[in-house]
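Chemist: Handing you a structure now.
The values are calculated or read from the model by the stated rules, or taken from the named source; none is laboratory data. Remember, predicted model here, so these are calculated numbers, not experimental data. Glycine gets a Cβ as well: all are built from the backbone with ideal geometry, and neighbour counts include every protein chain shown. SASA here: full protein model, heavy atoms, side chains in, ligands and nucleic acids out. Shrake-Rupley method; radii C 1.70, N 1.55, O 1.52, S 1.80 Å.
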Amino acid sequence: MAGTDDKNTKTLREVWRRAENALCADCEKPDPDWASYTLGVFICLNCSGIHRNIPNISKVKSLRMDHWDEVQVQFLEQHGNAVAKATYEAHIPIYYYQPTYADCQALREQWIRAKYERKEFTEPGRELPYSNGLKEGILWKRGRDNGQFLPRRFLLSEREGCLKYFAKPDAKEPKINIKIDTINATFQPVKIRNPNGLQISYLKDNKTRNIFLYHEDGKEIVDWFNAIRAVQFHYLKVAFPIAGDSEIKSRLMQNFLKEGYMEKTGPKQREAFKKRWFTLDRRRLMYFKDPLDAFAKGEVFVGSRKQGYSVNPGLPPGTQGSFSWQYGLTIVTPDREYLFTCETESDQQDWIVAFSQVIEQPMTPQEYAIEAYFKLSS
Ligand SMILES: [Zn+2]
């Protein structure tokens, strides 16, 4: 049977090499080397691990190491990533967040389960747990002072355009009422030390505040995440009636561009540098004493090159403040220079890339308004 085997292997390689199968069907990682022979998709090693958890739906094998029989190869030949996409991703709501390999496990797992197990996107107009503009339930919220997580009742309402939470289950008045258009939600499993950890950042009086949440159930926290995106999308549709769907989508909440520790000095540039946690959220650079602080200690607006903003490697000559990290970088704004140091050269490079990304982009009218607000309040 060597002849059949050879032919089989040859066919498998040909199908595998098709352009449509060059990226993982689920997370877009290049060069997938696993496949599901019940769904007919080519996937990466990481996603194959998630598929293994839904064995009634998906059966996976390594394309390099496992033996493939003729029926399985034929199935792959007749399906593949494009066919699967046309079926399982036919009707994804525009606001739904489609994770990539850079995203956390909870997001990737629920995306895979939503597609193949729950078949959320195979038919148009399906009522989904995050699609009707209203969500209520208990989430564990980190206490600002003691860092303890406690159950809190949350309510998301499209009609009211807000997300609120209540300190007591039967409370009438919310502890906090967050306007939907000021929210940014990002999964932060490492920082929160929970695989389903979600950070919600929002603005109050143009200052950033953070709350840290989780839910034991991965599906529930990802549903909350997409429910917030849905409400935000519909809110922005009303606020900007002439904007197209893809433009609205680009204004929806986004992952932070970069986070991590740097050292910074004060405005006189003579003070000793202090280690702080920095978050770059679009054009907003915030710093915190601790990554889980509720309030930023300070915020800097990062505009565009045309408006006089730039980022340079190194510190200006004659910098006086003492610092322990050697890899400096300087952000120049129309008003002053901000001096930072990074622990490693690769970290310095990553920050420069992140800042450049923002600076090289022209500012939108909304961003001019934010810049003006920053100038007013500084
Ligand atoms: Zn993948």
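Chemist: Taking all pairs of different Cα atoms in segment 258-377, averaging 1/r and flipping that mean, what Kirkwood radius in angstroms comes out? Write out the running numbers ahead of the final one.
Modeler: Numbers: mean 1/r = 0.0687 Å⁻¹.
The Cα-based Kirkwood calculation yields 14.6 Å.
Chemist: Ordering LYS10, LYS61 by how much accessible area each has at a 1.4 Å probe, largest first, what is the list?
Modeler: Highest to lowest solvent-accessible surface, that is LYS10, LYS61.
Chemist: From Cα pairs below 8 angstrom and at least 6 apart in sequence, can you work out the relative contact order of the chain, rounded to a whole percent? Numbers along the way, then the final one.
Modeler: Values: 677 pairs, mean separation 35.5, N = 378.
Worked out over the chain, it gives 9 percent.
Chemist: Normalising by the residue count of segment 1-138, find the relative contact order in percent from Cα pairs under 8 Å and 6+ residues apart.
Modeler: 23 percent
Chemist: Okay, next question. Under the rule of -39500 (n - 2.57) per DSSP H run of 4 or more residues, summed and divided by the residues of the chain, what mean residue ellipticity at 222 nm is obtained, to the nearest 500 deg cm²/dmol?
Modeler: Taken over the chain, the calculation gives -9000 deg cm²/dmol.
Chemist: Counting only protein heavy atoms and using a 1.4 Å probe, what share of the accessible area of the chain belongs to carbon plus sulfur, as a whole percent?
Modeler: Details: 9680 of 19090 Å².
C and S fraction of accessible area: 51 percent.
Chemist: From the backbone phi of segment 293-303, what are the Karplus-calculated ³J(HN,Hα) couplings (6.51 cos²θ - 1.76 cosθ + 1.60, θ = phi - 60°) in whole Hz, Gly and Pro given as x?
Modeler: With coefficients 6.51, -1.76 and 1.60, one gets 5, 6, 10, 6, 6, x, 9, 10, 8, 10, x Hz.
Chemist: On C-alpha positions alone, give me the angle between the axis of helix 2-17 and the longest principal axis of the chain, in degrees, nearest 10.
Modeler: Helix 2-17 and the main axis of the chain meet at about 30 degrees.
Chemist: So, one more: Once the whole set of protein chains is in place, how much accessible area is left on GLU136, using a 1.4 Å probe, in Å² to the nearest 10?
Modeler: 110 Å²
Chemist: Let me ask another. Compare ARG284, ARG276, ARG336 in a GNM of the chain, Cα atoms joined below 10 Å, and give the one with the largest fluctuation.
Modeler: Checking each option, the largest mean-square fluctuation is seen for ARG336.
Chemist: For a Förster distance of 35 Å, can you work out the FRET efficiency between the beta-carbons of GLU70 and GLU28, rounded to the nearest 0.05?
Modeler: Computed FRET efficiency for GLU70 and GLU28: 0.75.
Chemist: Starting at the first residue of segment 270-284, write each ³J(HN,Hα) from the Karplus equation 6.51 cos²θ - 1.76 cosθ + 1.60 with θ = phi - 60°, in whole Hz, x for Gly and Pro.
Modeler: Result, ordered by residue: 10, 5, 4, 5, 10, 6, 9, 8, 10, 10, 9, 10, 6, 9, 9 Hz.
Chemist: Right, next: Give the residues of segment 76-114 whose amide nitrogen is closer than 16 Å to a point set 7 Å from the Cα of LYS237 in the direction of its Cβ.
Modeler: Under cut-off, by backbone N: 91-97.
Chemist: Please report, in whole Å, how far the alpha carbons of the chain spread along each principal axis, starting with the longest.
Modeler: Principal-axis extents of the Cα atoms in the chain, largest first: 80, 56, 45 Å.
Chemist: Where both residues lie in segment 258-377, what percent of DSSP beta bridges are antiparallel, nearest 5?
Modeler: On the way: 28 of 28 bridges.
Roughly 100 percent of the beta bridges in segment 258-377 run antiparallel, per DSSP.
Chemist: I'd like the Karplus ³J(HN,Hα) series for segment 49-55: coefficients 6.51, -1.76, 1.60, θ = phi - 60°, whole numbers in Hz, and an x wherever there's a Gly or Pro.
Modeler: x, 6, 4, 4, 7, 10, x
Chemist: Please report, in whole Å, how far the alpha carbons of segment 1-128 spread along each principal axis, starting with the longest.
Modeler: Ordered largest first, segment 1-128 gives principal extents of 51, 28, 27 Å.
Chemist: Choose one answer from ASN56, ASN210, ASN196: the residue with the largest mean-square fluctuation in a GNM of the chain with alpha-carbon springs under 10 Å.
Modeler: ASN56
Chemist: When all protein chains stay in place, what accessible area (Å², nearest 10, 1.4 Å probe) is found for ASP245?
Modeler: Accessible area, nearest 10 Å²: 70 Å².
Chemist: Per 0.36 nm of contour for each residue apart, how much would the distance between ARG17 and TYR373 grow if the chain were fully extended, relative to their Cα-Cα spacing? Mind showing how you got there, number by number?
Modeler: On the way: separation 356, 0.36 × 356 = 128.16 nm, distance 5.26 nm.
Length gained, ARG17 through TYR373: 122.9 nm.
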